[in-house]
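A.B. asks: This is the structure I want to talk about, given as structure tokens.
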Amino acid sequence: MLAYLVFRFIDTIEDSKASKDQKKYFFVEFINILNANSFNMESAADYQRKFIAAIDFTYEKPLIDNFVAMVKLYFNTPRPDRKSLLKYATLMAEGMYRFLSTPIETFSDQNEYCYYVAGVVAQFFNELFFNNGRLSHEDCVELMPLARDYGLALQKVNLLMDIAHDIFQNRKYWPTRILEKHGFRQYESLIEGEKLQKAMAVLHEMTEDAFYFLKRGLQYVKRMGKKQLKIRVFCLLPLFTALEHLRGSAGNPNVFIKGKKFKLAKPHILTILLKSYLFGSINMYLSYWFGRISKHIECRP
């Protein structure tokens with residue numbers, strides 16, 4: 001929970017309407033607070049006051065209102081976990097700041113952006129599993145590249161699903177060179193409906209790219225020890241939820257209509273959770289389950 005709050009706070013800075021200079025200040029000072037030797041109530045409260053005064057945070061009000069408590073909880077966390085969280089929070093903040101002025105032109109650019117947004121989170125948890133004795137050091141190191149791609153997979157599906165919403169927010173996460181290849185000179189034209197066939201061709205490329213990383217995500221889970229069921233379930237629920245979201249979005253023109261994106265119903269998510277607990281330790285079944293859903297993705301033109 002603590003890690004989720006820390007990463008979410010960094011994401012709140014990025015998503016805010018603050019200027020680039022303001023965001024840099026809040027990124028740097030937040031990391032400085034986490035990097036201190038001990039909890040400092042005064043510095044945390046001062047940061048909170050400045051943040052509230054400078055940034056519109058209505059949608060994250062509970063998080064900001066409890067900022068000091070979050071920082072205090074951080075310093076009550078075991079040192080190895082705190083050290084890991086600081087490392088990956090720093091990577092996230094630095095990467096997010098860099099992409100404030102770095103356009104996403106290629107899939108390689110998108111991969112790098114997704115790493116800073118989600119890949120670092122997956123790698124943090126992979127390291128946390130080692131810190132808590134769930135993974136050996138050898139397994140932790142070996143799984144790091146797959147953990148990265150697991151995180152990329154989840155974020156890429158989110159970016160695919162949220163294209164219409166992001167355009168209205170003036171956020172551009174789809175590679176512009178892919179759009180240009182299909183005749184789009186203006187990014188916003190994707191959702192205007194006049195070139196739907198071409199937009200669907202772009203969607204197909206985005207789907208193929210996200211699907212590749214989902215397959216890598218499955219390999220990440222399958223390479224974990226079969227006795228680590230709780231860890232596997234922790235990873236399987238978001239992985240198969242993302243896979244189902246990709247299935248519902250692939251070849252679906254509603255992706256380009258704000259408020260019409262495909263969304264799994266809660267009973268379906270509960271079914272994924274149940275299957276994860278029942279069959280999460282059986283690699284053969286995980287491959288079968290993944291393959292059944294994938295058929296509805298790969299056959300899209």
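Any read-out appearing in this document is the output of simple, stated calculations on the displayed coordinates, not a laboratory observation. What you see is a predicted model, and the numbers here were worked out from it, not measured in a lab. Ideal geometry is used to build each Cβ from the backbone, glycine not excepted, and the neighbour counts take in all protein chains shown.
A.B. asks: Magnitude of the Cβ-charge dipole of segment 103-298, K/R +1 and D/E -1, about the Cα centre, nearest 20 debye?
C.D. replies: Value, rounded to 20: 780 debye.
A.B. asks: Show me 178-191, 151-164 ranked by packing, highest mean number of other Cβ atoms within 10 Å first.
C.D. replies: Values: 178-191: 15.4, 151-164: 23.2.
By packing density, highest mean first, the sequence is 151-164, 178-191.
A.B. asks: Answer with one residue from LEU85, VAL221, ASN283: the one whose Cα lies farthest towards the positive end of the charge dipole of the chain, charges on Cβ with Lys, Arg +1 and Asp, Glu -1.
C.D. replies: Going by the charge dipole, the pick is ASN283.
A.B. asks: Let me ask something additional. Exposure proxy check: ARG79, ARG232, ARG177 ranked by fewest other beta carbons within 10 Å? All intermediate terms of the calculation are to be shown ahead of the outcome.
C.D. replies: Numbers: ARG79 9, ARG232 24, ARG177 12.
Fewest-to-most Cβ neighbours within 10 Å comes out as ARG79, ARG177, ARG232.
A.B. asks: Oh, and also: Just to check I understand the Karplus step: with θ = phi - 60° and J = 6.51 cos²θ - 1.76 cosθ + 1.60, what whole-Hz values come out for segment 189-194, glycine and proline as x?
C.D. replies: Each residue's phi maps through the Karplus curve to give 5, 4, 9, 7, x, 7 Hz.
A.B. asks: Projecting each Cα onto the charge dipole of segment 103-298 (Lys/Arg +1, Asp/Glu -1 at the beta carbon, about the Cα centre), which of GLY183, ASN131, ILE293 comes out farthest on the positive side?
C.D. replies: Value: ILE293.
A.B. asks: Applying 1/(1 + (r/R0)^6) with R0 = 30 Å to the Cβ-Cβ distance of THR176 and LYS263, what FRET efficiency is obtained, to the nearest 0.05?
C.D. replies: My answer for the efficiency is 0.65.
A.B. asks: What does the highest-first list of 7-13, 113-119 look like by mean Cβ count within 10 Å?
C.D. replies: Working: 7-13: 19.0, 113-119: 24.0.
Descending packing order for the listed peptides: 113-119, 7-13.
A.B. asks: Sticking with this structure for a sec: Net charge near ASN66, counting Lys/Arg +1 and Asp/Glu -1 over other residues with Cβ under 13 Å of its Cβ? Can you show the working numbers first?
C.D. replies: Numbers: positive: ARG8, LYS61, LYS72; negative: GLU60, ASP65.
For residues surrounding ASN66, the net value is +1.
A.B. asks: Place a +1 charge on the Cβ of each Lys and Arg in segment 1-78 and a -1 charge on the Cβ of each Asp and Glu, then give the dipole magnitude about the Cα centre in debye, rounded to the nearest 20. Can you show the working numbers first?
C.D. replies: Details: 9 positive and 10 negative charges, 8 e Å.
The calculated dipole for segment 1-78 is roughly 40 debye.
A.B. asks: So which lysines can LYS295 reach, going by Cα to Cα under 18 Å and dropping same-chain residues fewer than 8 places off?
C.D. replies: Filter leaves LYS215.
A.B. asks: So, one more: So how much slack lies between ASP56 and LYS230, counting 0.36 nm per residue of separation and subtracting their Cα-Cα distance, in nm? Spell out each step's value before the answer.
C.D. replies: On the way: separation 174, 0.36 × 174 = 62.64 nm, distance 3.78 nm.
Stretched out fully, the ASP56 to LYS230 stretch lengthens by 58.9 nm.
A.B. asks: Near PHE99, within a Cβ-to-Cβ distance under 14 Å, what is the net charge of the other residues, with Lys and Arg +1 and Asp and Glu -1? Intermediate values should be presented prior to the final figure.
C.D. replies: Working: positive: LYS20, LYS23, LYS24, ARG98, ARG171, LYS172; negative: ASP11, GLU14, ASP15, GLU94, GLU105, ASP109, GLU112, ASP166.
In short, -2.
A.B. asks: Which listed residue (LEU236, GLN169, GLN110) has the Cα farthest towards the positive end of the charge dipole for segment 103-298, taking +1 on Lys and Arg C-beta and -1 on Asp and Glu C-beta about the Cα centre?
C.D. replies: Positive-end residue among those listed: LEU236.
A.B. asks: For every other residue with a beta carbon closer than 14 angstrom to the beta carbon of GLU29, add +1 if it is Lys or Arg and -1 if Asp or Glu, then tell me the sum.
C.D. replies: That works out to 0.
A.B. asks: Alpha carbons only, please: Rg and Dmax for segment 224-301, in angstrom.
C.D. replies: Values for segment 224-301 (Cα only, Rg and Dmax): 13.9, 44 Å.
A.B. asks: Right, next: Taking Cα pairs under 8 Å and at least six residues apart, what relative contact order does the chain come out at, in percent? Intermediate results must be reported in sequence, preceding the final value.
C.D. replies: Values: 328 pairs, mean separation 44.9, N = 301.
Over the chain, the number comes to 15 percent.
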